[in-house]
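Taking it in order: structure first as structure tokens, then the write-up.
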Amino acid sequence: MTGTPPAPGGTRPPVIALAAAASGAAAAIAAVLLDLFLLAPAALALGALAGHALGHLPLAGGRALAARTAEPPLIRGAAAVLAPVLGVAAGLLTAVVADLWLIEPAAYGIGAAAGGAATPLIHRTLGRMLALAISAVAVAVLLSLLVTALVLVVTGVDPLFAFTAMLDHGTKPDSIVTIANNGSTLYLSAVAVAIGFKMKLFNIGVDGQYRLAALLAAAVGGAVTLPPVLHQAVIITVAVAVGGMWAGLAGYLKVARGVSEVISTIMLNSIATGITAYLLTTDRLAVEIGTNNIGTPEIAESGWVPGFPMGFMGARVDLFGLVLLAAAVGAGYWWMLNRSRFGFDLRATGQAPEAARASGVDVKRMVLITMIISGMVAGLVGMPQLLGDSHYYALDFPVGLGFTGIAIALLGRNHPVGIALAALFWSFLDQSAQILDFEGIPKEMAVVTQATVVLTVVVVYEVVHRWGRRYEQQQVGRELGRAEVAS
């Protein structure tokens, strides 16, 4: 018999769609009514939760939504908590975007409908490992905030006052755009690291790769004048080529001489720093820029990538045009890993090199190509800043993004969406902490949060991984026992 198979737990997709529609409608109605008495965000949150509650009623397909009884209590609990939380977050995001064009009641009504409709879908479709991963991140963030609050209390600062000031500053229009701009560069850095991680390669050299690539790309871009699209393409191509070549050296040393990529990339970082210092002098590639600063000649306007004006949301800062490049790299990274033969070979080689070799995969070739691709993405890290803001490489060009990318890749579990959320979270902490200096609070408190969340998430992920592996072994044992009894 052919046809669409039922969803896990015997649930038909139309039932879930009906539940989502009913939940969304209920959430919108509840939010509009509650908006008469509460602030719009609070009304939206309560409306989305009301829709989530309706989704669990038998009339709306609640039996289908609750059909996760075959799963262990930990998974059911994680799904039950995460569904409304993620639904409310989706609703708030929708409302914030809609509020740019619509009046507040309509925008938050639409947001509540979106959040209410999302909760049943999330609850029903949230995978076991994804639920555990999101729960692990949430626990890590909460623990990091608790540690930061403890440090603030010890230093005599009110944690609630500090967190409120950060939240208020970080949600201003200019801050939101800056967070997105900085997040795009951090995202590219983390993806470059994650490509190596998937192959069990530790590319610590992203920092040197992107700085050398940005310097040479800026020098070439400032030395020529070409038509707009061609000029930009030449600059980006140079950056990609330099980054790939520099990382390829580490890959070659590993496959040809057995040199650990950790050692070689660290050494290549130092060499890249020396080369950059050597070339960035006034008698070579640099010219005087302002007071006490030198840099490459400014790139002609034909080589700039125009940004997106964000005045409609009250921001005085433009959104980098190359944010779209970061999104394209993320989509390409996902496609490569999950939809290409190369991505399958990459993951197989990383997980079991001997098994991959036995199946015909050229492991050395995979190592070399993976390092080159990682370096090519690393070469793009400096492009949003170079082509969207500074237009030259100078002594004050951002540094350290490669090492930050390592932390973000770990926090995002090497998943393109997880990395994006981690990059925005990291960028939010960096930007929102700027207000602390004006309040007499050391802005390094954000560094405490960042370091703690990375350390905590690594530990929590390991606990989750071990639990998941033990659960899978138990499931296999049960299936084998049923098969033996049936036979």
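The values are calculated or read from the model by the stated rules, or taken from the named source; none is laboratory data. This is a predicted model, so every value here is computed, not measured. A quick note on method: Cβ atoms are made from the backbone with ideal geometry, for glycine too, and the neighbour counts reach across all protein chains shown.
Computed values, structure above
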quantity	calculated
Among (1) more than 24 Å from Leu146 (Cα to Cα); (2) within 18 Å of the chain's Cα centre (by Cα) - the single one Glu472 does not satisfy	(2)
Residue list for segment 402-430, filter: surrounded by fewer than 17 Cβ atoms within 10 Å (Cβ to Cβ) and at pLDDT 90 or above	Phe403
One residue from Ala118, Ala140, Ala131, Ala149 being buried (at least 20 other Cβ atoms within 10 Å of the Cβ) and either among the acidic types (Asp, Glu) or free of Cβ contacts under 8 Å to residues at least 60 places away in the same chain (or both)	Ala131
Residue match in segment 185-196 (condition: over 17 Å from Pro416 (Cβ atoms) and among the aliphatic types (A, V, I, L, M))	no
Residue that is nearest to Ser302 (Cα to Cα) [pool: residues in segment 257-278 that are touching a residue at least 40 places away in the same chain (Cβ under 8 Å) and more than 26 Å from the chain's Cα centre (by Cα)]	Thr276
Residue check for Arg284: under 16 Å from Gly388 (Cβ atoms), part of a loop (DSSP other than H, G, I, E, B) and in the same structural domain as Arg211 (by TED's automatic domain parsing)	no
Single unsatisfied condition, Phe202 versus (1) hydrophobic (A, V, I, L, M, F, W, C); (2) under 22 Å from Ala327 (Cβ atoms); (3) in contact (Cβ under 8 Å) with a residue 40 or more places away in the chain	(2)
Test for Gly208: is it small (Gly, Ala, Ser), in the same structural domain as Ala315 (by TED's automatic domain parsing) and either buried (at least 24 other Cβ atoms within 10 Å of the Cβ) or more than 26 Å from Glu298 (Cβ to Cβ) (or both)	yes
Single match in Leu253, Leu216 (criterion: assigned by TED's automatic domain parsing to the domain that holds Leu268, more than 10 Å from Ile372 (Cα to Cα), crowded, with 17+ Cβ neighbours inside 10 Å and free of Cβ contacts under 8 Å to residues at least 12 places away in the same chain)	Leu253
Selected residue [among the aliphatic types (A, V, I, L, M), part of a helix (DSSP H, G or I), surrounded by 14 or more Cβ atoms within 10 Å (Cβ to Cβ) and touching a Lys or Arg at 6+ places or on another chain (Cβ under 7 Å)] from Ala446, Ala451, Ala433	Ala433
Some residue of segment 331-344 being crowded, with 19+ Cβ neighbours inside 10 Å and within 23 Å of Ala420 (Cα to Cα)	yes
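For (1) at pLDDT 95 or above; (2) under 21 Å from the mean Cα position of the chain (by Cα); (3) charged (D, E, K, R), each residue gets a yes or a no:
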| position | (1), (2), (3) |
| --- | --- |
| Met376 | yes, yes, no |
| Leu380 | yes, yes, no |
| Leu387 | yes, no, no |
| Tyr392 | yes, no, no |
| Asp396 | no, no, yes |
| Gly400 | no, yes, no |
